[in-house]
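The values are calculated or read from the model by the stated rules, or taken from the named source; none is laboratory data. Model, not experiment: these values are computed from the prediction. Because the Cβ atoms are built from the backbone with ideal geometry, glycine has one as well, and the counts that use them run over all protein chains shown.
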Amino acid sequence: MTTATRPPILDPLDLLGLDDEFSGDERLLRDTVRDFVRKRVLPHVGDWFERGIFPKEIAPELGALGLLGMHLEGYGCAGASATAYGVVCRELEAADSGLRSFVSVQGSLAMFPISAYGSEEQKQAWLPAMARGEAIGCFGLTEWDFGSEPAGMRTTARRDGSDWVLNGTKAWITNGGIADVAVVWAHEGARDQAAADGSDVRGFLVPATTKGFRANTIERKISLRASVTSELVLEDCRLPADAMLPGVRGMRGPLSCLNEARYGIVWGALGAARTCYEAALEYAKSRVQFGKPIASFQITQQKLVNMALELQKGQLLASKLGRLKDAHAIAPQHVSLGKLNNVREALAICREARTILGASGVTLEYPIIRHMNNLESVLTYEGTSEIHTLILGQAITGHSAFS
Ligand code: TGC
Ligand code: FAD
C-alpha cells in the first residue's frame with residue numbers, strides 16, 4: 001500500500017506564523033532583502049565562497065537599500081526598529097554569513113561607535129559615506145594573543161605633542177583589507193603603564209591611508225570564505241588629536257559595540273539554519289531510497305521536525321529580544337542568551353540537515369556545508385559560546401568564572 005501525500009497543513013518554514021507578527025513595513029523590508037539576495041547574491045555566493053572573495057562592489061548596493069547602519073539615527077541612517085534590523089540580518093545570512101558579517105561590521109561595529117561616541121566632525125566625515133556604502137569600516141579589537149580577553153590588548157596610543165601615535169597589531173579583522181577606516185581600540189599611554197583591566201582603552205579612527213597602517217589578508221580559511229579577514233598592523237601611525245572618539249573610555253566602549261553586532265547574529269543565525277532546513281526538506285521529498293521518498297521515513301521526519309521546532313523557538317527568542325531592544329530594556333546578558341542559543345542551535349540544524357543529503361551534503365552544489373562551515377566562525381566570533389555561557393553563569397549565580 002502506498003501512502004498518500006497531503007499538502008502541508010502548516011507552513012513548513014514558519015509553523016506558528018511568527019512572521020505575521022511583524023509590521024507591514026518589516027514584512028516589506030523582509031521581502032525586499034529576500035528578493036535582492038535571490039537575484040544578486042544566491043546565483044554567485046557558492047562561487048565567491050569557493051574562490052574566497054567578497055565582492056566589495058556590493059557595498060553601494062546595500063547602501064542604496066538603506067541597510068548600512070540602518071538602526072542608527074541621522075547622518076543618512078534610516079533609524080529603523082531593532083526588529084527590522086534583525087529581519088534584515090536574518091535574510092542576509094540566509095544567503096551567507098559573510099554577507100551578514102559585512103553589514104554587521106559596517107553598521108554595528110564601525111558606524112555605531114562613531115554615532116554613539118564620535119564628535120560632530122567625525123560623524124559628518126564618515127557616517128553619510130558609510131551609510132551609502134562608499135566608505136567601508138572595520139573594527140579592530142582582537143589581537144593574536146588576546147581574543148576572549150580583549151582588555152589585555154597590547155596596542156597603545158601615545159601622545160606626541162597634540163598628535164597620537166599608535167602601535168600594535170590587531171588580528172582576525174573582518175573587512176580589514178577593504179576598509180577605508182578602522183576603528184582601533186588601544187591603551188592610552190605607554191605599554192608599561194597600560195591598565196590591566198582596560199580602563200584606559202580608547203577608540204581611534206584610523207584612515208587606511210595613514211602612513212604605517214597596513215592590512216594583511218588571513219588566507220586558508222575554510223569558514224566565512226566570502227568575507228575578508230585581515231591582520232591590521234599599526235607601526236608608528238601618527239594621527240591628529242581629533243582621531244580619538246571623545247565619548248567613551250574603558251572596555252565599555254568596544255564591549256557596547258559588541259552588543260549591537262551580537263544582537264544581529266541572534267537573527268542572522270536563524271537565516272543560515274532556515275536555508276539548510278529548507279534544502280534538507282526539499283531533498284528529502286525527492287530523494288528515493290528503498291522505493292520511497294526518504295521524507296516518508298520516521299527518522300528523517302524526526303530530524304526535520306526537530307529542526308523546525310528549534311527554528312521556531314529561536315525566532316521567538318529573537319523577536320522577544322527585538323521588543324526588549326526597541327523598549328531600551330535589553331541587557332547585554334539577554335543578548336548573550338540569544339547569541340549562545342541561536343548560533344548553537346543553528347549549527348546543530350545545519351549538521352543534521354547535512355546528514356539528510358548524504359554524500360550530496362558535502363559538496364558546494366548545495367548550500368548546507370557552506371553555511372555549516374560559516375557558523376563555526378559565528379560560534380567563535382563576537383564572544384565564543386563558552387564566554388556567553390560564563391556571562392550567563394555570572395548573571396545567574398553572581399560568581400564570575402572568567403579567571
Ligand atoms: P568587565 O570587567 O566585566 O567590564 C568592563 C567594563 O565594560 C562594561 N561591559 C559592558 N558594557 C557594555 N556592554 C557589554 N556587553 C559589556 N560588558 C562589560 C562593564 O560594565 C565595565 O564598565 P565600567 O564602566 O564599569 O568600567 O569586562 P572584562 O574585561 O572582564 O570582560 C568580560 C568579557 C570576558 C565578558 C569580555 O571581555 C568579552 O565579552 N569577551 C569576548 C570578546 C569578544 O566578544 N570579542 C569580539 C571581537 S569583535 C568580533 O568578533 C567581530 S566578528 C564580526 C563579524 O564578522 O560579524
Ligand atoms: P581564545 O580566546 O584563545 O579562546 C580559545 C578557546 O578557549 C575558546 O573555546 C574559548 O571559548 C576558550 N576560553 C577562553 N577563555 C575562557 C574561559 N575564561 N573559560 C572557558 N573557556 C575559555 N575580532 C575583531 O576584533 N574584529 C573582527 O572584525 C573580527 N572578525 C572575525 C572574523 C572571523 C572569521 C573570526 C574567526 C574571528 C573574528 N574576530 C574579530 C576575532 C574573534 O572575536 C575571536 O576569535 C574571539 O573573540 C575568540 O578569540 P580567540 O580566537 O583568540 O580564542
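Can you tell me which residue in the range 190-225 is modelled with the lowest pLDDT, limited to those that are farther than 24 Å from Leu258 by Cβ and part of a loop (DSSP other than H, G, I, E, B)? Step by step, filter the range 190-225, then rank; the result is Ala190. I want to confirm something. Restricting to the range 225-254 and keeping residues that are farther than 21 Å from Ala151 by Cα, small (Gly, Ala, Ser) and touching a helix residue (DSSP H, G or I) at 6+ places or on another chain (Cβ under 6 Å), which single residue is farthest from ligand 1 (Cβ to nearest atom)? Filtering first and then ranking leaves Ala226. Does Ala273 satisfy the condition of being of a type in the set (A, V, I, L, M) and more than 11 Å from ligand 1 (Cβ to nearest atom)? Considered against the rule, which asks whether it is of a type in the set (A, V, I, L, M) and more than 11 Å from ligand 1 (Cβ to nearest atom), Ala273 comes out as yes.
Annotation: Thr229 fulfils all but one of (1) touching a Cys at 6+ places or on another chain (Cβ under 7 Å); (2) over 20 Å from Gln122 (Cα atoms); the unmet one is (1).
Of the residues examined, Ser377 is not one that is within 13 Å of ligand 2 (Cβ to nearest atom), loosely packed, with under 15 Cβ neighbours inside 10 Å and either assigned by TED's automatic domain parsing to the domain that holds Val105 or not charged (D, E, K, R) (or both). Scan the range 21-29 and give yes if some residue there is crowded, with 16+ Cβ neighbours inside 10 Å and not hydrophobic (A, V, I, L, M, F, W, C), otherwise no. Yes: the range 21-29 contains one or more residues that are crowded, with 16+ Cβ neighbours inside 10 Å and not hydrophobic (A, V, I, L, M, F, W, C).
Here's the yes/no breakdown for (1) surrounded by fewer than 24 Cβ atoms within 10 Å (Cβ to Cβ); (2) under 21 Å from Val41 (Cβ atoms); (3) away from ligand 1 (no atom under 15 Å from the Cβ); (4) in the same structural domain as Arg214 (by TED's automatic domain parsing):
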{"position": "Pro55", "(1), (2), (3), (4)": "yes, yes, yes, no"}
{"position": "Glu91", "(1), (2), (3), (4)": "no, yes, yes, no"}
{"position": "Gly98", "(1), (2), (3), (4)": "no, yes, no, no"}
{"position": "Tyr117", "(1), (2), (3), (4)": "yes, no, no, no"}
{"position": "Lys123", "(1), (2), (3), (4)": "yes, no, yes, no"}
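Residues of the range 196-219 that are in contact with a Phe, Trp or Tyr (Cβ under 7 Å, 6 or more places away or on another chain) and among the small types (Gly, Ala, Ser): Gly203 alone.
If you check Ala59 against the conditions, is it among the hydrophobic types (A, V, I, L, M, F, W, C), over 15 Å from the mean Cα position of the chain (by Cα) and within 15 Å of ligand 1 (Cβ to nearest atom)?
yes
All of (1) farther than 24 Å from Tyr381 by Cβ; (2) touching a residue at least 60 places away in the same chain (Cβ under 8 Å); (3) outside the structural domain of Glu26 (by TED's automatic domain parsing) hold for Thr174 with one exception: (1).
Let's see how each residue does on (1) surrounded by fewer than 21 Cβ atoms within 10 Å (Cβ to Cβ); (2) assigned to a loop (DSSP other than H, G, I, E, B):
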{"position": "Trp185", "(1), (2)": "no, no"}
{"position": "Ser227", "(1), (2)": "no, yes"}
{"position": "Ser230", "(1), (2)": "no, no"}
{"position": "Glu235", "(1), (2)": "yes, no"}
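Exactly one residue among Arg40, Arg100 is of a type in the set (Lys, Arg) and closer than 18 Å to Ala131 by Cα, and that residue is Arg100. The residue list Asp145, Asp163, Asp180 contains one member that is within 16 Å of ligand 1 (Cβ to nearest atom) and surrounded by fewer than 19 Cβ atoms within 10 Å (Cβ to Cβ), which is Asp145. Of all residues in the range 370-402 being among the hydrophobic types (A, V, I, L, M, F, W, C) and near ligand 1 (Cβ under 10 Å from one of its atoms), which is farthest from Arg274 (Cα to Cα)? Top of the filtered list is Phe402.
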